[in-house]
1. (1) within 22 Å of the chain's Cα centre (by Cα); (2) within 11 Å of chain A (Cβ to nearest Cβ): which one isn't true of B:His72, the others all being true?
2. Checking the structure you have, find out if any residue of segment B:144-151 is within 12 Å of chain A (Cβ to nearest Cβ), of a type outside the set (Phe, Trp, Tyr), out of contact with any His (no Cβ under 8 Å at 6 or more places or on another chain) and under 25 Å from A:Met11 (Cα atoms).
3. Residues in segment B:93-106: is at least one closer than 18 Å to A:Tyr99 by Cα, open to solvent by 10 Å² or more (accessible area, probe 1.4 Å), free of Cβ contacts under 8 Å to residues at least 24 places away in the same chain and out of contact with any Asp or Glu (no Cβ under 9 Å at 6 or more places or on another chain)?
4. Cβ contacts < 6 Å: first residue in a loop (DSSP other than H, G, I, E, B), restricted to segment B:271-300; second residue open to solvent by less than 50 Å² (accessible area, probe 1.4 Å) and of a type in the set (Ser, Thr, Tyr), any location; separation 6+ or different chain. Result?
5. Is there a residue being within 14 Å of chain A (Cβ to nearest Cβ) and touching a strand residue (DSSP E or B) at 6+ places or on another chain (Cβ under 6 Å) anywhere in segment B:25-38?
6. Suppose the filter is out of contact with any Leu (no Cβ under 9 Å at 6 or more places or on another chain), away from chain A (no Cβ under 14 Å) and open to solvent by 20 Å² or more (accessible area, probe 1.4 Å); does B:Lys134 pass it?
7. Are there any pairs, at least 6 apart or on different chains, whose C-beta atoms fall under 6 Å, with the first in segment B:12-37 and farther than 25 Å from B:Thr205 by Cβ and the second of a type in the set (Lys, Arg) and surrounded by 15 or more Cβ atoms within 10 Å (Cβ to Cβ), and if so, which?
8. Tell me which residues, restricted to segment B:5-24, are surrounded by fewer than 17 Cβ atoms within 10 Å (Cβ to Cβ) and among the hydroxyl-bearing types (Ser, Thr, Tyr).
Amino acid sequence: MSYSLSYKIQMKNLSLLYFDELKGYYKSKVMIILWIGLPILVLLFRLLIFLAPEALNMPSTFPIPISSLVGFIISSIGGALSAVMLSTTITSEMNKHIYDLFLVRPVKRHLLILSKYLAVFTCLILATFIAYTIGVIFDIFTIENFGIDEIYDILKSIGSTLAIMSTSCSIGIIFGIALSSVAASAILSMYVGNQLLSVFIVGAVFLSGEMDVFFFQILLGMLLTSLFLVISMLAFKKKQL
Amino acid sequence: MSKTSYLEFQNITKSYKKNIALDDLNLKINKGDIFGYIGPNGAGKTTTIKILVGLITEFQGKILIDNIPLEHAKQGLYQDLGYLPQEVGFQEWRTVEHALKTFGKLSGVNSNTLEDRINDSLKLVGLLDVKKRKIKHLSGGMIQKLRLSQAIINNPKLLVLDEPLSGLDPSSRFQVKKMIKELVKQDVTVIFSSHILSDVEDFATNIGIINKGRLLKIGTPTEFENYYDIGKIIEIKYDEGISPLPDIDLDCIQNIDIGKIKQKIHIKPNSDLDLSISEILKFIIAKKLKVRSFNVLRPSLEEVYLKLVEEDDK
């Protein structure tokens, strides 16, 4: 009985922290870049390809599905930015002892980490959908016979993009907890985050034909995210605040 | 009637690698006490407090709250605890109100009364007019008041204040002290740590002095004052420009320290103090001296504190 009450309180507090963090993140400078910057960047790229296809040695009749382009851009930029944002926020908040006031209340340490991850990932999901929607609108007007196959590709691309970004977020959390220098955690999370992106791409190349790239990336993303989050939570539990 | 023991620290030992932060600490705090926890920087005050509030979980020994071990009392303690850490920041994107709302909800304040609690705690610390302001726009003094405000948002029964006056300018120190005095009028058990004894001597009912992780002495302010026998000394202050008491020839006097406007008269150990006071006063009246103050000196708490720490350091 007492366990279930405690569990209820924990869930209630997780929800409170999640919405609080969401409120903090969605207005942050990094998120504004993701909300506005990514769709603009995507459109600029698409426009460049459309207007000067020879520059990229592509045929003028819609060379690359815009969705794939969007996926690549969002994964690399969105993943790196969110990893840096998470790592620097956590390092800086730990240095300022911000968590002390939460931890003297019925808040478990892992809930603080989980709420941050969920909040940033929610923002990323929304940013991804905004950028993809703009991409799809462009596709509809520029691709002949835009149909169900293209939509299926887009959905797969969204899944892969989110899997990569989720992994980047979780690696950012690890560095945020492990390091006490904000600059070091920013640099390392960006560097390792980018290296992880290559694992997803190279892995997909090696596996092409053997396994669906989409499923591979989703599976890898889920595995790595879970692993990194568990490591983060254990490290945070042991951390002397 | 003796007071009930509310908090009990039993044989608490805590080490950081090879450094012993707390060495077999035993301490009892009664319900309703205002406990001044005094010691130099690095003495072990913050470690004791962090163990009590659950920020440090790995230590040896036992803590009882209302006779219930801390680990079992935690669920209830969360609602009854107010904690002001020595150094703590806030997420600066929050407004004052938003921060208090979150901490209030987490402390279990009923949503129907939360708004009133926020207003009451802000009013007490004098921040009601900046309720909607973002934390990043608050001054250092205001942030310290906000820290205090979050500590009392849930009407705590146990208020733990870790160096609440450190880093404040004299004006803010005065204001925060005033607020704490207001708070302690309510039925709250308070633990107030400081490295400056004068911070707590106005309102502490009990004082504990800690140095190098060991509790050196615990007692009431009066017990501390009587701890060292400095002899029977009478201090007389005069109007400026008035020459101090002329040579006085009374049997009870051992010697006199003469200052510019004051004198310290040391009474012989075997003389009766009350009788000596009466004789000296008669002498002053006979000489028609203008006296500003006439006091029997007792060792100040600061002197006792310094002596205790000095002796321990040796």
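1. (1)
2. Yes, the conditions are met somewhere in segment B:144-151.
3. Scanning segment B:93-106, I find at least one residue that is closer than 18 Å to A:Tyr99 by Cα, open to solvent by 10 Å² or more (accessible area, probe 1.4 Å), free of Cβ contacts under 8 Å to residues at least 24 places away in the same chain and out of contact with any Asp or Glu (no Cβ under 9 Å at 6 or more places or on another chain), so the answer is yes.
4. If the second residue must be open to solvent by less than 50 Å² (accessible area, probe 1.4 Å) and of a type in the set (Ser, Thr, Tyr), the pairs left are B:Pro299/B:Tyr228.
5. Of all residues in segment B:25-38, those within 14 Å of chain A (Cβ to nearest Cβ) come to none.
So far as segment B:25-38 goes, no, none of its residues is within 14 Å of chain A (Cβ to nearest Cβ) and touching a strand residue (DSSP E or B) at 6+ places or on another chain (Cβ under 6 Å).
6. Considered against the rule, which asks whether it is out of contact with any Leu (no Cβ under 9 Å at 6 or more places or on another chain), away from chain A (no Cβ under 14 Å) and open to solvent by 20 Å² or more (accessible area, probe 1.4 Å), B:Lys134 comes out as no.
7. From segment B:12-37, the pairs are B:Ala21/B:Lys14; B:Asp23/B:Arg214.
8. Those that are surrounded by fewer than 17 Cβ atoms within 10 Å (Cβ to Cβ) and among the hydroxyl-bearing types (Ser, Thr, Tyr): B:Ser5, B:Thr13, B:Ser15, B:Tyr16.
The values are calculated or read from the model by the stated rules, or taken from the named source; none is laboratory data. This one's a predicted model, so the numbers in the text were calculated from it and none came from an experiment. Methodologically, a virtual Cβ is constructed for each residue, glycine included, from the backbone with ideal geometry; neighbour enumeration extends over all protein chains shown. Surface areas here come from the heavy atoms of the whole protein model, side chains and all, with no ligands, DNA or RNA. Shrake-Rupley method; radii C 1.70, N 1.55, O 1.52, S 1.80 Å.
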